[in-house]
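Here's the structure, in structure tokens; my notes come after.
The values are calculated or read from the model by the stated rules, or taken from the named source; none is laboratory data. Only a predicted model underlies this, so the values are computations on that prediction, with no experimental measurement involved. Cβ sites come from the backbone with ideal geometry, for glycine too, and all protein chains shown count toward neighbours. Note: accessible area is taken over every heavy atom of the protein model, side chains too, but ligands, DNA and RNA are not part of it. Shrake-Rupley method; radii C 1.70, N 1.55, O 1.52, S 1.80 Å.
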Amino acid sequence: KAAGAGTGKSFQSSQATYNAERSRLTSYQSQLRQLGISPGKVSEGNIVSQFPVVSPISGTVGHVIANTGAFVEPGTSIMEVVDNSKIHCDLTVFEKDLMQVKVGQKVAFQLTNQNNDLITGTINGINKSFENESKGVVVHAVINNREHKNLIPGMYVTALISTGSQLTSAVPVDAVVRSQGKQYIFVVIQQEEENGKEKKVNFKKQEVTTGVSELGYIEIKPLNPLAENVKIALKGAFYLESKSAGGAEEE
């Protein structure tokens, strides 16, 4: 009985050692796989002295931190990899406009320094706090880069967020002139023709307030109602204002 007990104890000890070594072997195999080395080939005697460093994501090397021949501790970054296919856009929206912005709205981006190329996207997140003291909130948008434009982190963009649409009175931006803290447009009050050709046109300036400006047009609200079929000078308002400095009307 004493001999049997000793044998059983020895067997249990050997089994525990075996299980511990098997766990250690499994751990080594896992480490080899992480390095891109096949444990099966190593067990067959194919010892390797070099192995590739595999990036966890696909992309482009943006910055190399380690120098050739330098010793690198585990967990130390040796380079930065940038995946520009998943790039998104951060927009700063100010407090007065924040309530109009919602997740899911469409956005049109213009690349400021790239010939104002237009790209579309969708808002997918809105921060819950202001950035520093700017009273602006960062809004995140996913970019729909179907044309595979070369977008690089850090590019500046101008964005138009589609918050809805409504009909409003609008004129080209060049139709509005600012003078002495007020804004004016010029309306036609008299138009003369001779032989079917325009001979003379008289204008009168009308004070307006302005609203949203987009894509070369600006919303206007005349202080005094305009006639239904009134004609307006669509450009040259600054020139007309300078010529009419001495009176209310100008040819």
Original post:
Is there a residue in the stretch 139-149 that is part of a strand (DSSP E or B) and either over 30 Å from Met99 (Cα atoms) or at pLDDT below 80 (or both)?
Top reply: no
Subject >> Tabulated pairs, the stretch 226-245, first modelled with pLDDT of 80 or more, second among the small types (Gly, Ala, Ser) and part of a helix (DSSP H, G or I), C-beta under 8 angstrom, 6+ apart or interchain >> reply: Ile232/Ala175; Ala233/Ala175; Leu234/Ala175; Lys235/Ala175; Ala237/Ala175
Original post:
Quick one: which of Asn124, Asn67, Asn132, Asn84 is at pLDDT below 85, open to solvent by 60 Å² or more (accessible area, probe 1.4 Å) and of a type in the set (S, T, N, Q)?
Top reply: Asn132
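Here's the yes/no breakdown for (1) open to solvent by less than 60 Å² (accessible area, probe 1.4 Å); (2) more than 28 Å from Ser213 (Cα to Cα):
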site: His63; (1), (2): no, yes
site: Asn115; (1), (2): no, no
site: His140; (1), (2): yes, no
site: Ile161; (1), (2): yes, no
Original post:
How many residues are under 17 Å from Val54 (Cβ atoms) and either small (Gly, Ala, Ser) or in a helix (DSSP H, G or I) (or both) when one looks only at the stretch 12-40?
Top reply: 9
Original post:
Which of the following residues is of a type outside the set (A, V, I, L, M, F, W, C) and open to solvent by 80 Å² or more (accessible area, probe 1.4 Å): Gln15, Gln29, Gln105?
Top reply: Gln15
Subject >> All positions within the stretch 41-66 that are within 29 Å of Lys86 (Cβ to Cβ) and in a loop (DSSP other than H, G, I, E, B) >> reply: Phe51, Pro52, Val53, Val54, Ser55, Pro56, Ile57, Ser58, Gly59, Ile65, Ala66
Original post:
Quick one: what pairs do we get from the stretch 158-175, first residue part of a loop (DSSP other than H, G, I, E, B), second of a type outside the set (Lys, Arg) and open to solvent by 70 Å² or more (accessible area, probe 1.4 Å), C-beta under 9 Å, 6+ apart or different chains?
Top reply: Thr163/Gln100; Gly164/Gln100; Thr168/Val212
**OP:** List every residue pair whose Cβ atoms lie under 7 Å apart, where the two residues are 6 or more positions apart in sequence or sit on different chains, the first residue falls within the stretch 122-143 and is touching a residue at least 24 places away in the same chain (Cβ under 8 Å) and among the hydroxyl-bearing types (Ser, Thr, Tyr), and the second residue, located anywhere, is assigned to a loop (DSSP other than H, G, I, E, B) and open to solvent by 50 Å² or more (accessible area, probe 1.4 Å).
**Re:** none
Original post:
Do we have any residue at all in the stretch 69-89 that's hydroxyl-bearing (Ser, Thr, Tyr), touching a Gly at 6+ places or on another chain (Cβ under 7 Å), closer than 25 Å to Val139 by Cα and not in a loop (DSSP other than H, G, I, E, B)?
Top reply: no
